Structures are given as C-alpha cells and as structure tokens.
Amino acid sequence: MGVSRFIPRRYGALALSLGVALSGIGSVSPVQAASGTTDHAKAAAGYVAAQVEAGGLSASVLSDAIFALAGSHVGATAVGDALTQLAIKVDAFAGYGGTLKPGALGKAMLAVIVAGGDPTSFNGHNLETDLRGLLVTSGADTGRFSTAYINDQALAILALAATSGGVPAAAGDWLAGKECTAGDFSWDGTCPVGAGSEDPDTTATALMALQAAGNTAAADKATQWLLDQQAQNGSFAGYGTANVSSTGYAAQALRAAGKTTEADAAGAWILTLQYGCGVAAANRGAIPWTAADPGFSLVDATAQAVLAFGAARLDQLSISGATAAAPTLQCSVATPRPTSTGVTVPTEPPTDALVGDSAGRPSPSGTLLLIVTLLSVCGALIAVRRPGHRR
C-alpha cells in the first residue's frame, strides 16, 4: 500500500515539489560553491582583492597587492583594476614631473609587468627606458640607480630582471658591494647593523635581486644570514619586532633560495595571526602586522604576509593563469532551532555556504540537513492526515 493513499489531493502538489527538491540535491551551481574557501592563504589574498576593488589604495600598496594576488594565483580581475588605478597614480609615485625615484619607478614597473601590462607604454611613459636611464655609468657609484638606497636598488634590479634586456652587471655588483660582513643589508647601506636594528625586509629583497643578477656568492651569504635570524616559531623580527611583513618577505626570499622548510615555517607562523570568523566580515582573512600592535595598514600587512604562502621570486611572478575571482573565508555555522518536541536540531545552512568539492558538488553536511528537513515535512503531513483515512 503506497504512501500516496494517505495524502489528500491538495497535498499532492507539495509532495511533488518536495520530490523535485530532493532530486535537485547535488546540483548547486559551481559559482555558488566556489564563493568561499577554507584555504586560509587564499582567503588572505581574497581580503586583499576586496580592498583593491574598494579603491583608495596608494600606488605602493596597489603594487604590493598585485604581487600578493599573482603569488596566490587568484584575483586576476582585481589585478586588472589595480593596474588601472596604478596608471592614475604612477606619475606622483615615481617622481615624473620632478626627480625620478628609482625604487618607486622599479616597483611600479615590476607591478605592471606582473599584472600583464606593457612597461614601455604605461600612462604615456616608457618605464624601462626611464629606469635604465638612471644607471650611473662612471665613478665610485657605477652601477647605482641615481641616488638609490639598498631597497630601491634591489627593486630596480628585479624590475629589469623581468625584461628581455636583463640586469646590467654593474647594478648587481654595486648591490653586492653593500652587503655587510655578516651577510645582511641595511636600508641605507650602513654596516655593521647594531643589535635590535636587523632588517630582514631589506635583506630579503636584496637577496632576491642578487639571485636575479647572478651574484651567487653574495646571495648565499644573505640566505645564511636570514636562516640564522629565523626564530624557533618561524617568525622574523624587523628592528626588534616579529611581524608578518618581515616574515613574508624573508619567506619569499628563502623559498627562492630553495629553503622550503624554513619558508613554510614562516608561513605557518603568519597564519596564527590571521583574522578568522570572529571578526567583522570585511576583515575576515586579513593578517595584522603583529598580534598586539597591528602597526600600519591592514591591507599592506596582509599583502606582504601573503608572499610567504608559496609566492615565487618577485621578478618571476605573473598573474597569467590565475583565477578571475579571489575567494573569501568561508564562515558557515548552522544555527540551532527548537522543535515542537523540545529537541534542538541545526537548521539548513544558507546556499552560499555549501562549498563544493573539486567536481563542484555540494558538501555532504549541507545536503544531509536539507534531506532531513524535507523528509521531516513529508512525515508531518502524512501523520496529520492519516486519521481521516481509516476506512
């Protein structure tokens, strides 16, 4: 005897609808399924992408955002927007209309290349020609880009390393000549660096530039210095303070030097500071500069921290092949609801919390809750109408 005998006609449509709903389980659209992620590294990149889309970032932070998204292989759409915004701000940033700044020019040029733009024609400028024109070709400062400090010189070298013309040998030699005996670099080239003033940020950037320029002996010394500076918990301290920016830069440079284990340890420490589902939705996935003192811009700290999560060397980054969108941190928590029997059961999570597997199928937990809910409704209808059919 089928169940249908106990369901009056006016409930037939509802039963049919329930059947259709049940048959549709498993067909959640891939777009909805991909809207969230439990990959905390990609969630951090997603936070960065959202800040780019919101606008208002400086040229320097836009460049950092491009590096972070390219290194994470997500957010190609946001990178395109960042490039558009950078074009508006590059003149003031790089010093056009006045004295060109080699570090800012190199950073902007590298961001353009990583984003897939043309550095020879960007907002009316040939960034590559202009940067190469700053190279000192005679005297004690041969190989230096204008009045560049160490980080400026490193960024200029990395930008040119990403071009077909490559790095002038003199530029790498000048940088190598500023390495301290211990293997580290200070921002202004002063040696030795005093205790508490160690600068892993500058050293890491210089290390990548030395690698790109082919100065292997100096690069090896810088690599060993970074290894010696890493704390047991994986972090790096800049000027005496362990922070995610110094740790992100150091991890990226160490990874490029083949020190994967140490780079992974740095990334693991960074993730201990990441904001999760307990904060406002707008900040989920972000990573503060430090736990006790966020320090500066949350988006810049996050962009620099993201470099620890597998990013290639700066001059080897590319947005090519990245996903168009950048995911956000998945935060779906089932909310309990009381039932008529006093038993509390979880409600069905919202559709956008059903994160799919690699084939785009919804997760078993959300599907099971939906089945239980629909079957409960069917059972309740049957129980209510059964007394009227006791003939």
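The values are calculated or read from the model by the stated rules, or taken from the named source; none is laboratory data. Predicted model, so just to flag it, every value in this text is computed and none were measured. A quick note on method: Cβ atoms are made from the backbone with ideal geometry, for glycine too, and the neighbour counts reach across all protein chains shown.
As an exercise: evaluate residue 260 against (1) farther than 13 Å from residue 204 by Cβ; (2) of a type in the set (Val, Ile, Thr); (3) in contact with a Gly (Cβ under 9 Å, 6 or more places away or on another chain) and give the number of the one condition it does not meet.
The single condition residue 260 does not satisfy is (3).
Given the structure, is residue 55 on the phi > 0 side of the Ramachandran plot and in contact with a Lys or Arg (Cβ under 7 Å, 6 or more places away or on another chain)? Even if it seems obvious, please write down each step before you answer.
Values: on the phi > 0 side of the Ramachandran plot: yes; in contact with a Lys or Arg (Cβ under 7 Å, 6 or more places away or on another chain): no.
No; evaluated as a whole, the condition is false for this residue.
Got a number for residues in the range 204-222 being under 20 Å from residue 308 (Cα atoms) and either surrounded by fewer than 24 Cβ atoms within 10 Å (Cβ to Cβ) or charged (D, E, K, R) (or both)? Spell out the reasoning first.
Restricting attention to the range 204-222, the residues satisfying the condition of being under 20 Å from residue 308 (Cα atoms) are 204-212, 219-220, 222.
With the extra rule that they be either surrounded by fewer than 24 Cβ atoms within 10 Å (Cβ to Cβ) or charged (D, E, K, R) (or both), the set shrinks to 220.
Counting residues in the range 204-222 that are under 20 Å from residue 308 (Cα atoms) and either surrounded by fewer than 24 Cβ atoms within 10 Å (Cβ to Cβ) or charged (D, E, K, R) (or both) gives 1.
Any chance you could count how many residues in the range 199-222 are farther than 21 Å from residue 244 by Cβ and in a loop (DSSP other than H, G, I, E, B)? It would help to see each step written out before you state the result.
Residues of the range 199-222 that are farther than 21 Å from residue 244 by Cβ, as a first pass: 209-221.
Add one more test, that the residue is in a loop (DSSP other than H, G, I, E, B), and what stays is 214-215.
Here the count works out to 2.
Look through the range 249-265, keep the residues that are more than 18 Å from residue 211 (Cβ to Cβ) and not hydroxyl-bearing (Ser, Thr, Tyr), and return whichever of them is surrounded by the fewest Cβ atoms within 10 Å (Cβ to Cβ).
Initially, the range 249-265 is screened for residues more than 18 Å from residue 211 (Cβ to Cβ), giving 261, 264-265.
Applying the additional criterion that residues be not hydroxyl-bearing (Ser, Thr, Tyr) yields 264-265.
Numbers: 264: 17, 265: 21.
Per the stated criteria, the residue is 264.
Give the number of residues within the range 61-111 that are surrounded by 24 or more Cβ atoms within 10 Å (Cβ to Cβ) and among the hydroxyl-bearing types (Ser, Thr, Tyr).
The qualifying residues number 2.
Does the range 233-248 hold any residues that are crowded, with 17+ Cβ neighbours inside 10 Å and in contact with a Gly (Cβ under 6 Å, 6 or more places away or on another chain), and which are they?
246
Among residues belonging to the range 282-292 that are surrounded by fewer than 20 Cβ atoms within 10 Å (Cβ to Cβ) and either among the hydroxyl-bearing types (Ser, Thr, Tyr) or touching a residue at least 40 places away in the same chain (Cβ under 8 Å) (or both), point out the one that is nearest to residue 227 (Cα to Cα).
Residue satisfying both the conditions and the ranking: 290.
Out of all the residues in the range 238-248, is one or more among the aliphatic types (A, V, I, L, M) and either closer than 23 Å to residue 274 by Cβ or not in a loop (DSSP other than H, G, I, E, B) (or both)?
There is at least one residue in the range 238-248 that is among the aliphatic types (A, V, I, L, M) and either closer than 23 Å to residue 274 by Cβ or not in a loop (DSSP other than H, G, I, E, B) (or both).
Could you say whether any residue in the range 154-168 is closer than 24 Å to residue 247 by Cα, among the β-branched types (Val, Ile, Thr), out of contact with any Ser or Thr (no Cβ under 7 Å at 6 or more places or on another chain) and not in a loop (DSSP other than H, G, I, E, B)?
yes
Taking the criterion of being out of contact with any Leu (no Cβ under 8 Å at 6 or more places or on another chain), of a type in the set (A, V, I, L, M, F, W, C) and touching a residue at least 12 places away in the same chain (Cβ under 8 Å), would at least one residue in the range 238-248 satisfy it? If you could, list the steps in order and put the result at the bottom.
Here is the first cut: in the range 238-248, the ones out of contact with any Leu (no Cβ under 8 Å at 6 or more places or on another chain) are 238-243, 245-247.
From the residues that got through so far, the ones that are of a type in the set (A, V, I, L, M, F, W, C) too are 242.
So of that shortlist, the ones also touching a residue at least 12 places away in the same chain (Cβ under 8 Å) come out as 242.
The answer is yes, given that some residue of the range 238-248 is out of contact with any Leu (no Cβ under 8 Å at 6 or more places or on another chain), of a type in the set (A, V, I, L, M, F, W, C) and touching a residue at least 12 places away in the same chain (Cβ under 8 Å).
Which one of these is on the phi > 0 side of the Ramachandran plot and not acidic (Asp, Glu): 189, 248? Don't jump to the end; show me each part of the working.
Details: 248 fails: on the phi > 0 side of the Ramachandran plot.
Unique residue meeting the criteria: 189.
Out of all the residues in the range 270-281, which are of a type outside the set (Gly, Ala, Ser), part of a helix (DSSP H, G or I) and either surrounded by fewer than 21 Cβ atoms within 10 Å (Cβ to Cβ) or not assigned by TED's automatic domain parsing to the domain that holds residue 316 (or both)?
So the first thing to find is which residues in the range 270-281 are of a type outside the set (Gly, Ala, Ser), and the list is 270-275, 277, 279.
Remaining after also requiring part of a helix (DSSP H, G or I): 270-271.
271 - this is the single residue of the range 270-281 that is of a type outside the set (Gly, Ala, Ser), part of a helix (DSSP H, G or I) and either surrounded by fewer than 21 Cβ atoms within 10 Å (Cβ to Cβ) or not assigned by TED's automatic domain parsing to the domain that holds residue 316 (or both).
Could you list all residues from the range 137-153 that are in contact (Cβ under 8 Å) with a residue 24 or more places away in the chain and part of a loop (DSSP other than H, G, I, E, B)?
137, 141, 142, 143, 144, 146, 147, 148, 149
For residue 301, state whether it is crowded, with 16+ Cβ neighbours inside 10 Å, among the aliphatic types (A, V, I, L, M), modelled with pLDDT of 50 or more and not in a loop (DSSP other than H, G, I, E, B).
Yes, satisfied.
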